[in-house]
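Chemist: First the structure, then my questions, so here it is.
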Amino acid sequence: MGIALNLQEARKVYPNGTEALRGIDLVIQEGEAIGLIGPNAAGKTTLAKLVVGLLEPTSGRIELWGSRFGQLPRSMKEKIGFLPEGGSPFESLTVEENIIFWEKLYGISKIRGEEALKEWGLWEFRKKRAKTLSQGMKRRLMIAQVTLHQPSLLVMDEPTSSLDPVVRRTTVDLLRGFANSERTLLITSHDLFDVERICTRIVILRRGLIVAQGSMEELQRKLGATQQVRVETSVPIPEGLRESLEKRFGIKPLAANELLFPTGHNRGELIRFLVESGVDINLVEEKKETLEDIYIKMVKEDEER
Amino acid sequence: MRGVSAVFWKELRSFYGFGWMAWLGLFVTLALGPLLSLEMGATGFLVTSLWGIFGGVYLLETISFYYERTQGSFLMLLSSPLTVGEIFLGKYLAIFLVAYLTQLIALAISACVIWSTFAVLPPPSLLPMLFITIPIYGFVFMELYSLAYALLGNVSYLWLVMVFIIPFLLSPSQIMPIINSIISSPALPIVLGILLALLLFFVVSKISKERMVIVLS
């Protein structure tokens, strides 16, 4: 597997003086699924647009499969798919015509177009004009369009925004399948849960700089994330017992019938103590820190610096 | 050419979906020529052809850009492997075809009106101008619009001021004889028009995607 995307000191300053990216170094191997996350104005959309050639870097270098975007032959450019944030299908056309346009553009068979319409649940709406669709359906149509030619590099800006839960699940499953293939995926999202499920590597951007990157495990290690144990009791923990827990184990109950403590604690002894104290235990589970926990921790740490 | 033909097809299909604005424009274009012919006789025939191509081109291109911008679909086009030049060429060809067909229909109606009212037909000497020179300048007109759109964005209608009013304001007494001599020569306007169309197309194809993204945002 070679390098799909290589950004070296990529910087972008808009004509109004806004410095959206302040020197990004990022190497993405073919077959990787990268999730770009960060607060608003972190530079995620700018980075996505730079990658697909909609914007040009002010300085630095961006290479796709070893060549700058402008030097890529047409056949390579056709291997890229991009879903913009806030874009729209061609609203004056019907759903079917929207797909036919992309078939014509990429020289794809009509059968593939029909498959895509069925795959994305758009078949029964194919004769409707795109302007009559709901926002979620329009988004679905756009995803069908940009994945129609089965691109080797798929860049998606907020792919799951404005999708209903069912379609969101389908989209995430499709993107997971995409991520498991040899194709490269770069998505930006505010939905950290989706990113965690789809991506093999997560890049956290803030104010135009990469503040952390790695797999979930690497990020957890880097940020000293701890696994925790959650214990749920069937009845509220009595006041006296709460004090004992605090004195003996240094644990304050999270809620009336819920305890949360780091895995480092002596779990067995604590559970025995609860049972001997007459407390019925409903559930004992290990709770890993989610991407959202890590992300919030990361951004807070960065703000404090 | 696959990309250009895809955009051409999309534009043609889109005109059906534009709704009442496009159809009203088309109706006005078709009705204006015959009305002017009734008022002005054979001169109305010339006005009809000018309105047919320039008015049609202006209306359709404005509507096309307006819809693409407000709906956000232009970004989808730009993010495809199409170049800006291919996008514009596909649009031009579709717009030109519709405007030209409209012009031909309007001219046919006007000729009938002139014949039935004044018992004369427009002079045959007008034909090369109507069917060659004016379409070429219609194309130039479209390219100027695209260039103005890329430079001025939302206020691109200002290009009309640049194209038509400024030259006359500068020195009408000097410009008019030049225009007259160009029109009176049979080949010069055609050659000049083709050169101008090629030059403008070269300039338009050099517009970067980034420029268009900034204009659209």
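FYI, it's all coordinate maths here, none of it is from the lab. Every value quoted in this text rests on a predicted model; they were computed, and no experiment measured them. With ideal geometry, Cβ positions are generated from the backbone for all residues, glycine too; neighbour counts draw on all protein chains shown.
Chemist: Please list, in order along region A:119-129, the HN-Hα scalar couplings obtained from phi with the Karplus expression 6.51 cos²θ - 1.76 cosθ + 1.60 (θ = phi - 60°), rounded to whole Hz, x for Gly and Pro.
Modeler: Once θ is set to phi - 60°, the couplings for region A:119-129 become 4, 9, x, 10, 4, 6, 9, 4, 8, 7, 6 Hz.
Chemist: Taking the beta-carbon count within 10 Å as an exposure proxy, list B:TRP23, A:TRP65 from fewest neighbours to most.
Modeler: B:TRP23, A:TRP65
Chemist: Same structure, new question: Under 1.5 on a/c is rounded, so check that first for region A:8-93, then, if it is not, pick prolate when a/b is larger than b/c and oblate when it is not; a ≥ b ≥ c are the square roots of the alpha carbon gyration tensor eigenvalues.
Modeler: Because its axes are fairly even, with a/c under 1.5, region A:8-93 counts as rounded.
Chemist: Using modelled backbone amide H atoms (1.01 Å from N, in-plane), which distant-in-sequence or interchain residues come within less than 5 Å of A:LYS287's amide H?
Modeler: The list, which skips near neighbours in sequence, is A:GLN228, A:VAL229, A:ARG230.
Chemist: Which shape class applies to region A:228-288: rounded if a/c is under 1.5, otherwise prolate when a/b exceeds b/c and oblate if not, where a ≥ b ≥ c are the square roots of the Cα gyration tensor eigenvalues?
Modeler: It is rounded, given that a/c, with a ≥ b ≥ c, falls under 1.5.
Chemist: Moving on. Collect residues whose amide H, placed 1.01 Å from N in the peptide plane, falls under 5 Å from the amide H of A:THR94; neighbours closer than 5 in sequence don't count.
Modeler: When sequence neighbours closer than 5 places are left aside, the close amide H contacts are A:ALA130.
Chemist: A further question on this structure: So if each residue of separation counts as 0.36 nm, and I subtract the Cα-Cα distance between B:LYS206 and B:TYR66, what length gain in nm does that give?
Modeler: Full extension from B:LYS206 to B:TYR66 adds 48.2 nm.
Chemist: Indicate the gyration tensor shape class of region A:3-222 (rounded, prolate or oblate), computed on the Cα atoms with a ≥ b ≥ c the square roots of the eigenvalues: a/c under 1.5 is rounded; otherwise a/b larger than b/c is prolate and the rest oblate. Could you put the intermediate results ahead of the total?
Modeler: Values: a/c = 1.71, a/b = 1.50, b/c = 1.14.
Prolate shape, in that a/c is at least 1.5 and a/b is the bigger ratio.
Chemist: Going by how many other Cβ atoms sit within 10 Å of their own, how do B:CYS112, A:CYS199 line up, fewest first?
Modeler: If I rank by nearby Cβ atoms, fewest first, I get B:CYS112, A:CYS199.
Chemist: Could I ask something else about it? Nearest 500 deg cm²/dmol is fine: what mean residue ellipticity at 222 nm does chain A get from its DSSP H runs of n ≥ 4 alone, each adding -39,500 (n - 2.57), divided by its residue count?
Modeler: Mean residue ellipticity, 222 nm, calculated: -11000 deg cm²/dmol.
Chemist: So what is the relative contact order for chain A, in percent, with contacts set as C-alpha pairs under 8 Å and at least six apart?
Modeler: On the way: 531 pairs, mean separation 60.7, N = 305.
This gives 20 percent for chain A.
Chemist: Taking neighbour counts of Cβ atoms within 10 Å as a proxy for exposure, in what order, fewest first, do B:PHE131, A:PHE82, B:PHE8 appear?
Modeler: B:PHE131, B:PHE8, A:PHE82
Chemist: Near A:LYS79, which lysines are there with a Cα under 21 Å away, not counting those fewer than 8 places off in the same chain?
Modeler: A:LYS49, A:LYS104, A:LYS110, B:LYS209
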